[in-house]
Amino acid sequence: RESRHDREARKKYWVDKLTYVSTRLHSLLWVVAGILIIYYSNFFHVIWHSDKVNPLFFGITLTGFTVFTIMTFYVGFILP
């Protein structure tokens, strides 16, 4: 007969495994959604060729985005 400790250990193993899979699947779905939005909105064509884009604010935004992206990669991959 199985002890309570064995049952709890098996339950914890499966909960941890399913949580890991769920987290990865959730992340993958968000990445796919972002790629689809960029693709179907012609994002890069609009930001590089549209006359409605102010070059000064676009440069400031691009610089800020680059800084925050580098900080995010640092905190997410280097720091831990």
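The values are calculated or read from the model by the stated rules, or taken from the named source; none is laboratory data. Predicted, not measured: the structure shown is a model, and the values here were computed from it. In this analysis, Cβ positions are derived from the backbone assuming ideal geometry, glycine residues included, and neighbour counts consider all displayed protein chains. These accessible areas exclude ligands, DNA and RNA; they are computed on the full protein's heavy atoms, side chains included. Shrake-Rupley method; radii C 1.70, N 1.55, O 1.52, S 1.80 Å.
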Give me the pairs: first residue in the range 64-80 and among the β-branched types (V, I, T), second residue part of a helix (DSSP H, G or I), beta-carbon distance under 6 Å, and six or more apart or on different chains, which are they?
none
By residue number, the members of the range 45-77 that are open to solvent by less than 100 Å² (accessible area, probe 1.4 Å) and within 13 Å of the chain's Cα centre (by Cα) are T69, T72, G76
For R1, work out the one condition from (1) in a helix (DSSP H, G or I); (2) at pLDDT below 90 it doesn't fulfil.
(1)
In the range 1-44, what residues are within 21 Å of the chain's Cα centre (by Cα), farther than 30 Å from L62 by Cβ and open to solvent by less than 100 Å² (accessible area, probe 1.4 Å)?
D16, K17, T19, V21, S22, T23, L25
